[in-house]
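The values are calculated or read from the model by the stated rules, or taken from the named source; none is laboratory data. Worth saying up front: this structure is predicted, and the values here are computed from it rather than measured. Here the Cβ positions follow ideal geometry from the backbone for every residue, glycine too, while neighbour counts run over all protein chains shown.
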There are 6 protein chains.
Amino acid sequence: MREVRITRNFTKHAEGSVLVEFGDTKVICTASVERGVPRFLRGSGSGWVTAEYGMLPRATGSRNGREAARGQQGGRTVEIQRLIGRSLRACMDLKKLGENTITIDCDVIQADGGTRTASITGAYVALRDAVSFLKKDKHGAMKGDPIKYGLAAISVGVYKGEPVLDLDYAEDSAAETDMNVIMTDKGGFVEVQGTAEGEPYSQEELNAMLELAKKGIAELCELQEKVLA
Amino acid sequence: MREVRITRNFTKHAEGSVLVEFGDTKVICTASVERGVPRFLRGSGSGWVTAEYGMLPRATGSRNGREAARGQQGGRTVEIQRLIGRSLRACMDLKKLGENTITIDCDVIQADGGTRTASITGAYVALRDAVSFLKKDKHGAMKGDPIKYGLAAISVGVYKGEPVLDLDYAEDSAAETDMNVIMTDKGGFVEVQGTAEGEPYSQEELNAMLELAKKGIAELCELQEKVLA
Amino acid sequence: MREVRITRNFTKHAEGSVLVEFGDTKVICTASVERGVPRFLRGSGSGWVTAEYGMLPRATGSRNGREAARGQQGGRTVEIQRLIGRSLRACMDLKKLGENTITIDCDVIQADGGTRTASITGAYVALRDAVSFLKKDKHGAMKGDPIKYGLAAISVGVYKGEPVLDLDYAEDSAAETDMNVIMTDKGGFVEVQGTAEGEPYSQEELNAMLELAKKGIAELCELQEKVLA
Amino acid sequence: MREVRITRNFTKHAEGSVLVEFGDTKVICTASVERGVPRFLRGSGSGWVTAEYGMLPRATGSRNGREAARGQQGGRTVEIQRLIGRSLRACMDLKKLGENTITIDCDVIQADGGTRTASITGAYVALRDAVSFLKKDKHGAMKGDPIKYGLAAISVGVYKGEPVLDLDYAEDSAAETDMNVIMTDKGGFVEVQGTAEGEPYSQEELNAMLELAKKGIAELCELQEKVLA
Amino acid sequence: MREVRITRNFTKHAEGSVLVEFGDTKVICTASVERGVPRFLRGSGSGWVTAEYGMLPRATGSRNGREAARGQQGGRTVEIQRLIGRSLRACMDLKKLGENTITIDCDVIQADGGTRTASITGAYVALRDAVSFLKKDKHGAMKGDPIKYGLAAISVGVYKGEPVLDLDYAEDSAAETDMNVIMTDKGGFVEVQGTAEGEPYSQEELNAMLELAKKGIAELCELQEKVLA
Amino acid sequence: MREVRITRNFTKHAEGSVLVEFGDTKVICTASVERGVPRFLRGSGSGWVTAEYGMLPRATGSRNGREAARGQQGGRTVEIQRLIGRSLRACMDLKKLGENTITIDCDVIQADGGTRTASITGAYVALRDAVSFLKKDKHGAMKGDPIKYGLAAISVGVYKGEPVLDLDYAEDSAAETDMNVIMTDKGGFVEVQGTAEGEPYSQEELNAMLELAKKGIAELCELQEKVLA
C-alpha cells in the first residue's frame, strides 16, 4: 500500500474539509451541511447524504475536457459519485441524522490510480467532521449519533499474476483484474466491485484479493481514527 | 430462478434481435453491425462492442419520465449500459472482430427486477447472431471467431437472511444485499458487484451468494446454447 | 390496407397497454393515469391528455442514434408526439375527465411506414382502457364519460399516380404525396396533413385520397370496438 | 384577408432580406447563401434549402421565455421551421441549385396570428432574391433556374360557423378549425394542414376552406411577383 | 458619432418598445413588466430589472448559427446581457420599483459595431416607458419614481493612433483599443470596460478616450430626453 | 495588498502548474500544451492561448451547485474565463508560439475575493512554464520567444469612500465600486473593468483607483519574476 496522508481542515469554508493522498493521488473532500432534505424525504424525519465527484481537467497525464464546459458529466464520473454516496449512506443511520443533508464533494486535483477509493476514505473523515459540526449545533435536529460504522475503501487487483494492493495508475492500466472493496471497520462488506480487465478471474483470485483488501482497510480505518482523534 | 425465455429474431431489421424474459422482466436486445470503429481505434485493426440501455417510460409500476424528453440519461442508465458493454467485450477477442462495431441496444419493455442481468444474458445471444451475420459477409473483414466465451448474468441477494437467486422486484426492494454476477460458461468471473442495501454483509454471505450464482449461470449458458443451436 | 392487429394488456403495469400492428409496423402504446394536471390547468376542473413518441434505435433498417443519449428529441419525434396528443384531446371532453392526466407513450419497436397513424389508432384503445380504469376508481373524480368519439388514423398517398391506402415504408419513400388523416367514428375530420413529396397535388388527388382514407378509418374504428368489447 | 405588405432589402447583410406584414403580424425573412451542402448531399450535385424560425420574446401579448436561454427550441418552433423548409424545397429543383445551401431565417418581431403562413410567403421572396444573387455569381455553380413554382401560404378557418381567410390572433384563438394551406402559383397543393380545434369538421367545411384559400393564395402570388418585378 | 435614431412604440405588445439605430446598427429593445420578483427577492419589497440579448442569425455579414438551435447562448451573448442588466439596475432605486420585474430584451436585427452600447441606450428608453406604464397602474405597487439617473452608453477606441467615438464594425475590427463607457446623465461612471486589442494602452490614451466618451454620452442623454418628452 | 504566494510545480502532470494565493483566495492554475490549433487558425502558423475557469462547489461560504452537474457554465464563469484568455493573449506574440495551443485552467479551491485577478496573476506564471517546456521541445515548432510582456492583475475598489487595493470578500461585498485592472510589467493597460456597485463613480475616484492598481501590479510583477528565476 502506498503512503496515505489525511489532512483535515484543508480549506476554511466547509463543515468538513479533507485532503486525502494515496501516494500521488490527491483528492479534496468537503462535506457541506444544509438544513432540509430532498423532496422524496420531506416529512420523513430522515436525513440524506449524497456525493459528487470531479477531476480538475489537468489532474491526469493529458488534459481531459472540462465537464462543465462540455455540458455533461461523463459516465465514469456518474458511476463513481453514485458509488461514493451509496457507500457513505451504508455506514449511517439516516434517521438519527434528522432532516439535514450532507453533500460530499470529491475533487481530484492529481490522479495516479485509485481516485474513487481515496475519495471514499477521505470523504468518510469529512463526513465525521460535518457530523461533529451538527452535534454542536443546537438547531441541527440530530437525534443521536448517525455514524454506525467506520468506512474505508481500497483497490486490489491481479497484476502479473499476483494479487496487489492499492494499484497506482501504471499498475491499474496493466492489471488483469481490478477490484474496489469498501468495508466497515467491523469487517463487513459495503460494496465489492470486481471487473475482469483482461481474462476472467477465478474464485481463488477473488479470495486472495479480498484477503489483501481486508488488511488494507484495517490500516486505513486505524489511520482515519488517529487523524480524527 | 424464475422461468427464463429467449426468443431470437424478435424484430426484423437488426442483425441480432432477441426478446429475453426473466419471469415478468422483458427486454428487447438488438445487435447492430456497422463497418468502421470509433476514432480511438481507427487503424488499429481492432473492432468495438458497445451497449446502450433504456426503459420504456411505463415499463415500471409508475411512469418514469422519458429520458429523451428530459434531455439526459439518468445515472442508473449510464451505470447499467457501461456494465453491459464492458461485460460483452470481456468475452470477446476484439482483434478478431476486425474494424467493425457492434452496438447492443437493451430496451426494457416490462420491468420486474433483474433488468441488467436479463439484458446481458439476452445481449450475448444477439451478439452471437450479429457475429454469425458478419461471418457470412464477404466484406466483413473478420479475422476468425471473435467469441472467446459464453456469457450470462444473474442477480443474487440475501433476503430475510437467506441467499436467493434471481430476485424479482418485490424481493429486490426488500433484500439486505444485492449482487450481480456475470460469468463465462467456463466459470470465470467477468464482473461481481455486491452492494449492501441494509447492513454490511459477511464473507460467508458473499460465498453463499457466489455459489448460488454459479449454478444459475450454468443453467443460463445451457439455455443460450440450446436457443442458438 | 395491411393486416391490422390490436392486442390489449400487452404489458402489465400500465392502466392501458396495447400492441398495435399495421403489417410489419409494431408500436407499444401505454396509457398512464396520474392524479392532478399540469400547472396551467390547476383548479380548472379540467383534465389533460398528452403523448410522447419514441422509436427503439433499431426499429428501422439502419440504427438511429438513441435520442436519450443525444440529449434531445429530434424534430420528427416532436412533430409526431404533438400530433398524437392533439388528436386524442380532440375526441375527448376534458372537463368530464376531472383533474386527472393521462399520458400516452407510443414506442415503435419495429417500423415499416405509418408509425404515426398506427400510434394514434393504438393509443385510442389504450386511452379507452385508462378511462375504464378511472371509471372504477372511487377517488378518480371523473364527471361522466370523457370519450366523445371513436378515433383512428390512416395514411394515404399517391403512388405511381394511384391513390394508395396505408403505405408501407417502400411505398411511402417513393410516394408523390403523403397524407395522414385522423377521423372520428362519426366521419368528422380531426386532422388532415397532406404533403407533396415530389410534385404539388391537385384537388382531384386530394379528394381521391380522402375518399380512400374514410374507408380505412371506418374499418379501423370497427376493429377497435371489436377489440374493446 | 388583412392588408399584406412585403418590403425587400429590409436589412443590408443578407442575400435576401424581406419584411413581410400580414396585418399586425410582422416577420423578418432573410436568405443566406453558403457554398457547400450538408454531409448527406455532398458529391450529389444537388443543393439544399432549409429554414429556421424564431420569435422575439415579446412579439406576443405576454413575454415568452427566450429559447436560446432555455437551451432548447420548443415543439411549436420545430414544427413550424420544418414546415417552412419542406414547403420551400417543394417549389424548387434542387439539382439546378448546384451544391449551394440557402438558409432561410424567419424571425417574428410582432405576432398577431398567421406567423407561419406569413413566414412562408415572405421567405419565398427572400429565396428568390438569393437565387438572383447566385445567378450573378460566376462561382455559384448553378445549373439553370432552380425555381419551379411561385409559392405562398395562407391560413383559413371556421369561425362562428363561417369559413374565414387569414385569421388574426383573436379569430385564431376562437376558431373551431384552423387550416394552413400552402400552394403554388399554378394552383397545386404543397401542404394542407387542417386541425379541429373544437369539434371535428366536415367534408363541406374542408371544401369551403380550400376554396377560400385558393383565392387568397392567388392574390398573394400576384403581390409577390409585383414586389419582385 | 454616427447618426442616432430612437423610435418609441416600435412594436405593439410590450410595455416599452424601442428601435434604436446607431448608424447601420439596429436593435429592438422591449421592456416587459411582470408582477412578482425572482425567488431571492421575494418578500424584500424590492423589484428587479434584468436583460437578455440576442442577434438574429443574419444580423451580421455572414450567418451565425442560431443560439436557440445550438442549445446554448454563446459567451459573448452572456457577457453582454449581464452588462446591460447591471447597468440598468445601477440607474435605479429598486426599492421604489416595488415587487415588480422588468425584463429588457435587446435583439439586434442589423449589426455594424457598437451593438451593446446601442442596446443600453435604447433599453433605457424602453425602461422609462415601462416605468410610466407602472405609474399609471393602480395595482403596480410602486413606491415613488424608481429612476435615479439618465443612462447611456457609447464605445470609444484608439484607431490608427487617434481616439475615435462610436466605432462602426470596420473601425472596431481594426482598433487597437476598444472601450465601452456607460455613464449617467450626471456624469458619473456606471461601467468602464477597456480592452487592449493589439498593444496595451497608456494612461494618456485612457484619458483621451474617456474625454471623448463624456461628450458622446451627453449628446445621447439629450436625445433620449427629447424622444421621451 | 494581502500576502501573495505563488508556488510552482504544484501538481505533477501539467506543463505549468501553479498554486496562487492572495490571502485566503487559493487558485490552482495549470497550463497544458497541445500540438495543433483550433480550426479557425489551422495553417495560419499562429498559436492559441485559451482559458477555462471553475470553482470547487465548496470554495465559498455556502455550497454552489456544481456546474458540470447543472450541465452549464454560469454567466459569471463564462465572463471570467473569457477575460483570463483575452488578457493572456494580449501579452503574447501568437505567431511566435507556432501552431501550438496552451490551455490554462484556473480552478478556485478557496475563495475570498479577487479570484479573477489571482487567476490571471497565477496563470501568467503557469504560461511561462509552459513556454519554457516548449522551448526545450525540439518538435514544438516555436519561432522565438512568444512572451512580449509580464502580466498581472489586481482588484481595486472604493470602500467606505476610500480607494482600497486587493479587496477580500467582505470588502468586495460592501464596496461602492469594484474595478479589475490588468497591466503589463511595462505599465500598459491590458484591461480595465470598473463597475459601480452602489452609486456611479467619479473621474477622481477612477484616477485614484488606477494609481493604486499600478503600485499593486508592479509588486506582483516583481514577485512573479522572483518566483520564475
Quickly run through the stretch B:97-149 and pick out the residues that are in contact with a strand residue (DSSP E or B) (Cβ under 6 Å, 6 or more places away or on another chain), of a type in the set (G, A, S) and away from chain C (no Cβ under 14 Å).
B:G114, B:A118
Can you name every residue in the stretch B:173-196 that is more than 13 Å from chain A (Cβ to nearest Cβ) and buried (at least 17 other Cβ atoms within 10 Å of the Cβ)?
B:A175
Considering only the stretch C:3-38, how many residues are polar (S, T, N, Q), under 19 Å from C:G54 (Cβ atoms) and in a loop (DSSP other than H, G, I, E, B)?
1
Of the conditions (1) within 13 Å of chain E (Cβ to nearest Cβ); (2) touching a strand residue (DSSP E or B) at 6+ places or on another chain (Cβ under 7 Å); (3) charged (D, E, K, R), F:E204 fails just one. Which one is it?
(2)
Being among the charged types (D, E, K, R), within 13 Å of chain F (Cβ to nearest Cβ) and more than 22 Å from E:I80 (Cα to Cα): is that true of E:E199 here?
yes
Every residue in the stretch C:1-48 that is aliphatic (A, V, I, L, M) and within 18 Å of C:Q224 (Cα to Cα), please.
C:M1, C:V4, C:I6, C:V18, C:L19, C:V20, C:V27, C:I28, C:A31
Within the stretch E:173-197, how many residues are of a type in the set (G, A, S), at pLDDT 95 or above and not in a strand (DSSP E or B)?
2
Looking at the stretch F:11-51, which of its residues are aromatic (F, W, Y) and either within 14 Å of F:F133 (Cβ to Cβ) or under 17 Å from the mean Cα position of the chain (by Cα) (or both)?
F:F22, F:W48
Somewhere in the stretch D:57-76, is a residue under 23 Å from D:A14 (Cα atoms) and in contact with a Cys (Cβ under 9 Å, 6 or more places away or on another chain)?
no
Among the residues of the stretch B:23-33, are any away from chain C (no Cβ under 14 Å) and under 23 Å from C:N64 (Cβ atoms)?
no
Name the residue that is nearest to C:Q110 (Cα to Cα), counting only residues in the stretch C:153-172 that are touching a Gly at 6+ places or on another chain (Cβ under 8 Å) and either of a type in the set (S, T, Y) or buried (at least 23 other Cβ atoms within 10 Å of the Cβ) (or both).
C:Y169
Could you grab the pairs with beta carbons closer than 8 Å, sequence gap of 6+ or different chains, first residue in the stretch B:85-112 and closer than 17 Å to B:A14 by Cβ, second one modelled with pLDDT under 95 and surrounded by 24 or more Cβ atoms within 10 Å (Cβ to Cβ)?
none
Taking the condition of being touching a Ser or Thr at 6+ places or on another chain (Cβ under 6 Å) and of a type in the set (D, E, K, R), how many residues in the stretch D:37-89 meet it?
2
From F:A51, F:A69, residue being of a type in the set (A, V, I, L, M, F, W, C), surrounded by fewer than 23 Cβ atoms within 10 Å (Cβ to Cβ) and within 14 Å of chain A (Cβ to nearest Cβ)
F:A69
Can you find even one residue in the stretch D:158-171 that is of a type outside the set (D, E) and out of contact with any Asp or Glu (no Cβ under 9 Å at 6 or more places or on another chain)?
yes
Scan the stretch F:211-229 residue by residue and report those that are within 14 Å of F:P163 (Cβ to Cβ) and crowded, with 20+ Cβ neighbours inside 10 Å.
F:L212, F:A213, F:G216
Scanning the stretch A:139-167 residue by residue, those over 22 Å from A:P200 (Cβ atoms) and in a loop (DSSP other than H, G, I, E, B) turn out to be A:H139, A:G140, A:A141, A:M142, A:K143, A:G144, A:D145, A:P146, A:K148, A:Y149, A:G150, A:D166
Check whether at least one residue in the stretch B:1-11 is surrounded by 18 or more Cβ atoms within 10 Å (Cβ to Cβ), in contact with a strand residue (DSSP E or B) (Cβ under 9 Å, 6 or more places away or on another chain) and within 13 Å of chain C (Cβ to nearest Cβ), and report yes or no.
yes
With F:G36, F:G75, F:G61, F:G43 as the choices, which residue is surrounded by fewer than 19 Cβ atoms within 10 Å (Cβ to Cβ) and touching a His at 6+ places or on another chain (Cβ under 7 Å)?
F:G61
Flagged pairs (Cβ under 6 angstrom, 6 or more apart or on separate chains; first in the stretch F:198-227, part of a loop (DSSP other than H, G, I, E, B); second surrounded by 22 or more Cβ atoms within 10 Å (Cβ to Cβ)) are F:P200/E:F189; F:P200/E:V190
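Matching residues to (1) in contact with a helix residue (DSSP H, G or I) (Cβ under 7 Å, 6 or more places away or on another chain); (2) touching a residue at least 12 places away in the same chain (Cβ under 8 Å):
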position	(1), (2)
D:C29	yes, yes
D:G36	no, yes
D:V49	yes, yes
D:L56	no, yes
D:R66	no, no
D:A69	no, no
D:G75	yes, no
D:V78	yes, no
D:Q81	no, yes
State yes or no: is D:A170 under 29 Å from C:L210 (Cβ atoms) and either of a type outside the set (S, T, N, Q) or part of a loop (DSSP other than H, G, I, E, B) (or both)?
no
Going through the stretch F:1-52 in order, the residues found to be farther than 23 Å from F:L220 by Cβ and polar (S, T, N, Q) are F:S32, F:S44, F:S46
